[in-house]
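Enquirer: Sharing a structure here in structure tokens format.
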Number of protein chains: 2
Amino acid sequence: MLYLNEKDINKCITLNEIMDEIEKTFILYEKNKFYMPDRIHVDYKNKTILYMPCFLENIFGTKFLTVFPENRKKSRPVIDGLMLLNDYDTGETISILDGKTLTALRTGAVGGTGIRHITPKDVKTVGLVGAGVQGFNQLRFACEARDIEKIIVFDLFKEKLPDFIQKVKEQISGVEVVSVENTEELLKESDIVITTTTSNEPVFPNKKELFKGKNFIGIGSYKPNMREYPDALISVLNKVYIDTEFAKEETGDLSNPLERGLLKDNQIETLGNYILYEKNKEEIIKGTTWFKSVGMALFDIVVAQLIYNKAKEKGIGQEIEL
Amino acid sequence: MLYLNEKDINKCITLNEIMDEIEKTFILYEKNKFYMPDRIHVDYKNKTILYMPCFLENIFGTKFLTVFPENRKKSRPVIDGLMLLNDYDTGETISILDGKTLTALRTGAVGGTGIRHITPKDVKTVGLVGAGVQGFNQLRFACEARDIEKIIVFDLFKEKLPDFIQKVKEQISGVEVVSVENTEELLKESDIVITTTTSNEPVFPNKKELFKGKNFIGIGSYKPNMREYPDALISVLNKVYIDTEFAKEETGDLSNPLERGLLKDNQIETLGNYILYEKNKEEIIKGTTWFKSVGMALFDIVVAQLIYNKAKEKGIGQEIEL
């Protein structure tokens, strides 16, 4: 059994390879070539455990995550866990991967793949709302997907910004990084806007003119009580692109305007369907676009399998004697 | 993170230490000092995955099992998997144990603990119906719990018996091991009878006189459509002892006679309650007794924690770099 920790995973694979794989996964989702049971939640005393199983045609696996909000106070990652990869025929666990690294990379790559498909090739500026681990990873992938010259960051907790900006500067070369005082300013200065907050209220002012012609990547809101985008965005959009059909119920960014009739079901389309069948992409990306992701176990198993195969090929990882 | 494989686990701990711990677990169950969510099943194309989470007051964990019946044809274990042990405060996985070894040992120890409590000290013969991995483990623990002189084995598939008997003779010293032609003969010759089959029909003839004065340990039937014991056993009993309240629904050995009114709810008692509060044990074990186990995640987490602590103490296992 092969154990792959954070270092191993980062040695195995490039960001573009992960985005290529995520792109294939959007197609796989449309072709329905997988079995993905419902995500399983166990909640106990402010601790959450998630089990995310998924079967492909030649492998299966489970992402096991712990979400412990109180870790923040201890300067430990809130999300931790493991990805188990299993032999399709015998059930044997063939590999275990660090779950927080996998989650960070695949979520970053999902956002980056969104950028590849719903933004013009010549965008130069990215605005990020939410200066956390996931925000950082979104920026890494955004800067691979497009030739970004400037990053604009906002976070409600300003004291986080100097360290965050320092880290971005160190890890992403050749890009200017600045912070702004509010999200209105951020909207004005950005071509692409990425949100990675855990907000329950929209993080932007509800003004139509601020949203027009921009490309939005929504990552944060993953529960029905969470919302990052105001009604104004929806009023200037034709369509919202999503990663999985479950997004309609899972995120307040969709369920809330759907319930109020502001957003219609036929305005929501999976990114896979758009990639496969949309003929008007050139025109669409010139307007306002929004990709809203909630994530799914299918991304994890596909990316984990790729990382495992690369690790075997390159002789990376710790071999555990069974 | 410490990985403990089969060899490591067997080096860490003795069978009696595991039975002592299981005994404590029966008490823990009565005192309700744990949180055990429902066992989670995922079924797909004749493959079953189980997630069995459980929280104690200072640790939590998940037993992850794969049940692949087709492995039998490939001479691979049908049940495989891993036990994850996690830090209570941070969620971090601190240890991974081989799940099939843990399952085999804790299930054997649950049966053995039953023998400690519902059989007279001077029993000399054990009959086993079901010559598989679990049958073998039940015998190992039975021979620790009592001074057994003779083992009598029956299996519907006679061709399995020579190898099984050979294995028992090699691993359990100083005990005579024989096979019989049918379960009636087995009942006549045994003081204790253990069943570890996956039968859907009772494996014994429905004759009262065969059951009187004997002690039964039922391990096999763990689904409502499975049954190992005929009505005759129930008709000569005062009470059935169970490991968990869920047994009433989970095993056909109880749900079937309960539905038909043959067995009354007040005839069913947890072994923990019996250990703690029964004053008439001496008298009871002279009559016919039955302990029916279906297993639960609480056993796994308690035994896994003990094994982990012993392994740390003795410097056993493979340390994985995170």
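Enquirer: All but one of (1) surrounded by fewer than 19 Cβ atoms within 10 Å (Cβ to Cβ); (2) farther than 28 Å from B:THR198 by Cα; (3) within 11 Å of another protein chain (Cβ to nearest Cβ); (4) in contact with an Asp or Glu (Cβ under 9 Å, 6 or more places away or on another chain) hold for B:LYS33, so report the exception by its number.
Expert: For B:LYS33, the failing item is (3).
Enquirer: In addition: So which of B:SER255, B:SER235 ends up being modelled with pLDDT of 95 or more, among the hydroxyl-bearing types (Ser, Thr, Tyr) and touching a Leu at 6+ places or on another chain (Cβ under 8 Å)?
Expert: Going through B:SER255, B:SER235 in turn, just one is modelled with pLDDT of 95 or more, among the hydroxyl-bearing types (Ser, Thr, Tyr) and touching a Leu at 6+ places or on another chain (Cβ under 8 Å): B:SER235.
Enquirer: Let me ask something additional. Quick one: is A:LEU97 without any contact (Cβ under 8 Å) to a residue 40 or more places away in the chain, in the same structural domain as A:LYS7 (by TED's automatic domain parsing) and over 15 Å from the mean Cα position of the chain (by Cα)?
Expert: Criteria not met by A:LEU97.
Enquirer: Being more than 7 Å from chain B (Cβ to nearest Cβ) and more than 20 Å from the chain's Cα centre (by Cα) is the filter here; which residues of the stretch A:49-73 pass it?
Expert: Correct list: A:LEU56, A:GLU57, A:ASN58, A:ILE59, A:PHE60, A:GLU70, A:ARG72, A:LYS73.
Enquirer: Among (1) without any contact (Cβ under 8 Å) to a residue 60 or more places away in the chain; (2) within 14 Å of chain B (Cβ to nearest Cβ), which single condition is A:GLU249 missing?
Expert: Here A:GLU249 meets the rest and fails (2).
Enquirer: In this structure, does A:ILE320 turn out to be touching a Pro at 6+ places or on another chain (Cβ under 6 Å), surrounded by 14 or more Cβ atoms within 10 Å (Cβ to Cβ) and at pLDDT 95 or above?
Expert: It is false that A:ILE320 is touching a Pro at 6+ places or on another chain (Cβ under 6 Å), surrounded by 14 or more Cβ atoms within 10 Å (Cβ to Cβ) and at pLDDT 95 or above.
Enquirer: Please state which one of A:ARG76, A:ARG39 is in contact with a Leu (Cβ under 9 Å, 6 or more places away or on another chain), modelled with pLDDT under 95 and either over 19 Å from A:PHE299 (Cβ atoms) or of a type in the set (Lys, Arg) (or both).
Expert: A:ARG39
Enquirer: Out of the stretch B:175-197, which residues are without any contact (Cβ under 8 Å) to a residue 40 or more places away in the chain and either farther than 24 Å from B:ASP147 by Cα or not aliphatic (A, V, I, L, M) (or both)?
Expert: Answer for the stretch B:175-197, where residues must be without any contact (Cβ under 8 Å) to a residue 40 or more places away in the chain and either farther than 24 Å from B:ASP147 by Cα or not aliphatic (A, V, I, L, M) (or both): B:GLU176, B:SER179, B:GLU181, B:ASN182, B:GLU184, B:GLU185, B:LYS188.
Enquirer: Here's another thing I want to ask about it. Scan the stretch A:74-92 residue by residue and report those that are under 14 Å from B:LEU50 (Cα atoms) and either of a type in the set (Lys, Arg) or under 21 Å from the mean Cα position of the chain (by Cα) (or both).
Expert: A:LEU84
Enquirer: Residues that are in contact with a Lys or Arg (Cβ under 7 Å, 6 or more places away or on another chain): find the helices (runs of 4 or more DSSP H) completely inside the stretch A:250-311 holding 1 or more of those.
Expert: A:252-259
Enquirer: Let me ask something else about it. If a residue must be in contact with a helix residue (DSSP H, G or I) (Cβ under 6 Å, 6 or more places away or on another chain) and on the phi > 0 side of the Ramachandran plot, how many such residues does the stretch A:62-106 contain?
Expert: Count: 1.
Enquirer: Go through the residues of the stretch B:291-301 one by one and say whether even a single one is out of contact with any Leu (no Cβ under 8 Å at 6 or more places or on another chain) and of a type in the set (Lys, Arg).
Expert: Looking through the stretch B:291-301, none of the residues is out of contact with any Leu (no Cβ under 8 Å at 6 or more places or on another chain) and of a type in the set (Lys, Arg).
Enquirer: Let me ask you something else. Quick test for you: out of B:ASP87, B:ASP155, B:ASP147, B:ASP163, pick the one residue that is closer than 30 Å to A:GLY81 by Cα and of a type in the set (D, E, K, R).
Expert: B:ASP87
Enquirer: Working only within the stretch B:94-106, note down all residues that are crowded, with 24+ Cβ neighbours inside 10 Å, assigned to a helix (DSSP H, G or I) and among the polar types (S, T, N, Q).
Expert: Selection gives B:THR103 alone.
Enquirer: Kindly evaluate A:THR119 against the criterion of being of a type in the set (Val, Ile, Thr), over 26 Å from B:ASP89 (Cβ atoms), over 15 Å from the mean Cα position of the chain (by Cα) and surrounded by fewer than 20 Cβ atoms within 10 Å (Cβ to Cβ).
Expert: Details: of a type in the set (Val, Ile, Thr): yes; over 26 Å from B:ASP89 (Cβ atoms): yes; over 15 Å from the mean Cα position of the chain (by Cα): yes; surrounded by fewer than 20 Cβ atoms within 10 Å (Cβ to Cβ): no.
Here the answer is no, as A:THR119 does not meet what is asked.
Enquirer: Wholly within the stretch B:139-203, which strands (runs of 3 or more DSSP E) include no fewer than the required count, namely at least 2 residues that are closer than 26 Å to B:THR251 by Cα?
Expert: Hits in the stretch B:139-203: B:150-154, B:192-195.
Enquirer: Where the second residue is small (Gly, Ala, Ser) and part of a helix (DSSP H, G or I) and the first is touching a residue at least 24 places away in the same chain (Cβ under 8 Å) and within 14 Å of chain B (Cβ to nearest Cβ) and lies in the stretch A:309-322, which pairs have Cβ atoms under 6 Å and are six or more apart or on separate chains?
Expert: From residues that are touching a residue at least 24 places away in the same chain (Cβ under 8 Å) and within 14 Å of chain B (Cβ to nearest Cβ), the pairs are A:GLY317/A:ALA311.
The values are calculated or read from the model by the stated rules, or taken from the named source; none is laboratory data. Note that the structure is a prediction, hence the values are computed from the model and not measured. A quick note on method: Cβ atoms are made from the backbone with ideal geometry, for glycine too, and the neighbour counts reach across all protein chains shown.
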